[in-house]
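Following: one structure in structure tokens, then a few remarks.
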Amino acid sequence: IMKGRGRGRGRRHSNNSDWDLNEDELAMIQQDEEGRNFRADLLDQLLSDEFSTPAGADSVVGVEDDSFLAETNIQYYAGIGLLSFHETKGVAARVLAFNTENPEIAFDDATVEQLLCGIGSHHAGILPAHKAFAETLFRMELMKVVFATETLAAGINMPARSTVICSMAKRGDLGMELLETANMLQMAGRAGRRGMDVQGTCVVASTAFEGPEDAITILTNEIKPVVSQFSPSYALAVNLIDRGGGKLDVAKNMVEKSFAVWESQQREEDLKAALAELGSEENDISPEEQFLNVLQLTLEKELIEARDGTSRTGISQSKVAKLAALVDVLADGKKLKKISKRYAGAAQILDLEQSTLKYLERELREMDPSDADLPPDFFDSEKMELLAEIKTQRQRVVKGEREVNKSILSAMAKVANNRMRDEVDGSLAKALLAARLHGEESTFPEGAPLEPGELNAYAKMSSKKNRRPFLDQTTSAPSPEDENDSWNQMLALVKILEAYGCLIPGTEMVESDSDPETDNYIVTDGGEHVGSLGMDNSLWQLCALGGAWDVAYESSELDKFQDAFADFEGEDDGLVDEEKDDSIKIPKPQTEAETLTSYLCQFSPSEMAGYVSSLVVDAPRRADSALESFQKLTHSQQRVVQGALLSLERLVEVQRRLGLDDTIGKCQLELSSCDVVTAWASGCSWNEALSISGAAPGDLVRTLSRALDALRQLGNLPYLPARALDGTVRLEASGIHPRIRSLCKGAANEMDRYPVKDMLPFEEGDEDESESEDDQEEEEEEEEEDDVFEEEEVDASI
């Protein structure tokens, strides 16, 4: 039994429905009006009104005289802090009780001193228990000031009398960026407690980088519209097909009724209206202003295509962020003027540096032309000094060119030139030609690319008024081939699931070649597991655990490439040919999956926990290299990771060949958190886990909780009997081996301890009793299959 100090925990025996709790733990179990048992939460007890009694808040005992919580120090903190003497006593009693009952996550002295002064903090880097402690103190008016991130300011219902926004910018993909209008208004809206205050006060602090103009810009900008987050997945495809009785009708209806399709229809209307406005002869604006309008429309289209994944030049998050910044600058008249001045200054400096370099080089040539090709040793001291100056000046020129090239106007010109090269209607090129012909002295020939300096000249002539967005920037104008992109991605998912044996065609499809949208499918055992996992790429998780493989051998080109590379390296020999002859009947993907399954079944529960974390936990900001993380793994984990890499390569190749978007089919194998998750599942203490990870407590809790959630999902998958590895070719995904499922259950039980998770025991009903009987039968079958598996030796290697 795993117990925590001051917390009621117990593990139910498989043959007994009672909870194995001691008397103190049983005393914490309470019963509600409906007769359900639950454990009284420790945090609620610590922060309840019981501490207002003389035995609670008015009695702080059991501490040393030099402690912050000593009775003699309460008056001091009440005098220097924001709380009264009685309130300070209440906080001290609650902190003392929390630290006594939770020694591993006790508040340190600095935090205790802040709490006694009525000051707290709330951010993602602290433990959930500490955040809940601060939230409750704040609601009870025992914390007068809380320093928080957007999580508390915009996400939790904790209104205050006043809010102070200390900075109007935060770090983003492109560095420091101004806050969005919606976030700013939401944080400011926390000022004023409903039913307590007649008005609230929000103070926006000016900094050295943001001033009153920035505050006005943020507060007066339009709030961005709601964006569709619909993205098809493997689990969604399987569940919709199963719900539709094997057909895709339900899936197609859902896609057609989604918000994303409505956006697609709306953006087409916006595009037509924008083009009509730009082409109208009634617009009394200069050709230069007209060109900037067309350029803004072009950038909006490019941004939207990048967000939707239909851009020809890439769909990375950094590109989306850069395009959004370009659109924001071009639509804001004042900001465009500022960017223009910066570019003009950088271009002028570059021109001066280049002129200086030419002067120095001309002076060197005039000193003695015959010595120009001699080694530096033959030059006198004066010439050596001049060469050093030229070298330094060249570095300054390179620096100046770098400053000019990385300017926003240069990025705009680059995007505009790419669009003019690919566009069919030539609207941007026509607008540029009209702007050039309107100028008195145009030095750019017809068809020449747009230069940043030319764009800067047009920006100088533009007005300071803001340009309204021509398109809804959350969507893109659909091209004919990408009009039903969401549905095409759904069909791609179905094809990949069929290639991996998670879906098999029905009898009608076998007899005739029918339309994919009217095909009938059967969900296999592996497909059932895919549909039961609530992860981003559930097919990859199944493949990484040996439950599915490329049964259609769509990744054969990958093997051909690897074989050709092996022949080039001279690694092929007669022994390899003999091995190929022995296993010629079994496809290579199936052999790799069976070998991976055999290695996984030899894991311990803690090793399984660490490996599963690599499939679901994202890489931290500061992580070791892949090689360093790999070296920290156990030998068994290293062997499994090498096998999983083969499955990953095959799945990525199949997804690419069948046209699945990279954002939907993302496959992850991040090893940076494997060591700490393995150690936590092995029983290490919380402080040891913090030392291993080097992460903040809140970040570590999220990492362990995500791994725990994945293990729970895998352990709760439908039970499937193991299939013998008898050398037969299988065309259906078998799903996760029961031994692996059992290891995930055991790993989840080992990880499920405070402060990561603290499950509440509930009284079992009739349905729970029947389910427990089924679980007992499954456990008995798993034990029998484990015995059989231990007797079978699988002679395979990765």
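The values are calculated or read from the model by the stated rules, or taken from the named source; none is laboratory data. Since this is a predicted model, take the numbers as computed values, not measurements. We place every Cβ from the backbone using ideal geometry, glycine too, and count neighbours over all the protein chains shown. These area figures cover heavy atoms from the full protein model, side chains too; ligands, DNA and RNA do not enter into them. Shrake-Rupley method; radii C 1.70, N 1.55, O 1.52, S 1.80 Å.
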*Between residue 602 and residue 185, 0.36 nm times their residue separation minus their Cα-Cα distance comes to what?*
144.6 nm
_Cα-projected label distance for residue 389 with residue 437, points at 7 Å along beta-carbon direction, nm_ = 5.0
*Just how much of residue 690 is accessible, in Å², when a 1.4 Å probe is used and the result is rounded to the nearest 10?*
40
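Provide 214, 328 ordered by accessible surface of protein heavy atoms (probe 1.4 Å), highest first.
Numbers: 214 40, 328 70 Å².
If we order 214, 328 from most to least accessible, we get 328, 214.
Just to make sure I understand: if all protein chains stay in place, what is the order of 243, 194, 730 by accessible area at 1.4 Å, largest first? Walk me through the intermediate numbers first.
On the way: 243 185, 194 230, 730 35 Å².
Sorted descending by solvent-accessible area, the residues read 194, 243, 730.
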*Determine the gain in length on full extension of the stretch residue 398-residue 194; use 0.36 nm per residue of separation and subtract their C-alpha separation, reporting nm with one decimal.*
67.5 nm
_I'd like the accessible area for residue 422, computed on protein heavy atoms only with a 1.4 Å probe and all protein chains in place. Round to 10 Å², please._
70
_Formal net charge of residues neighbouring residue 166 (Cβ-Cβ distance under 13 Å; K, R +1; D, E -1)_ = -1
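I need the calculated FRET efficiency for the pair residue 662 and residue 557, taking r as the beta carbon distance and R₀ as 22 Å, to the nearest 0.05.
Details: r = 19 Å, r/R0 = 0.85.
The calculated FRET efficiency here is 0.75.
Quick one: if the Förster radius is 60 Å, what FRET efficiency do residue 243 and residue 344 give, using the C-beta to C-beta distance and rounding to 0.05?
Details: r = 61 Å, r/R0 = 1.02.
Calculated transfer efficiency: 0.45.
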*Estimate the FRET efficiency between residue 85 and residue 621 by the formula 1/(1 + (r/R0)^6), using the beta-carbon distance for r and 56 Å for R0, to the nearest 0.05.*
0.85
*For residue 193, what is the net charge nearby, where nearby means another residue's Cβ is under 14 Å from its Cβ and Lys, Arg count +1, Asp, Glu -1?*
+3
_For the range 641-702, size of Cβ-based charge dipole, Lys and Arg +1, Asp and Glu -1, in debye_ = 200
_With DNA, RNA and ligands ignored, accessible area of residue 635 (1.4 Å probe; Å², nearest 10)_ = 130
_So if each residue of separation counts as 0.36 nm, and I subtract the Cα-Cα distance between residue 635 and residue 176, what length gain in nm does that give?_
160.9 nm
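Using a 1.4 angstrom probe on the protein heavy atoms only, could you order 458, 359, 719 from most to least accessible area? Could you put the intermediate results ahead of the total?
Working: 458 15, 359 120, 719 35 Å².
Greatest to least solvent exposure: 359, 719, 458.
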*Using the Cα gyration tensor of the range 688-736, with a ≥ b ≥ c the square roots of its eigenvalues, what is the shape: rounded (a/c below 1.5), prolate (a/b larger than b/c) or oblate (neither)?*
prolate
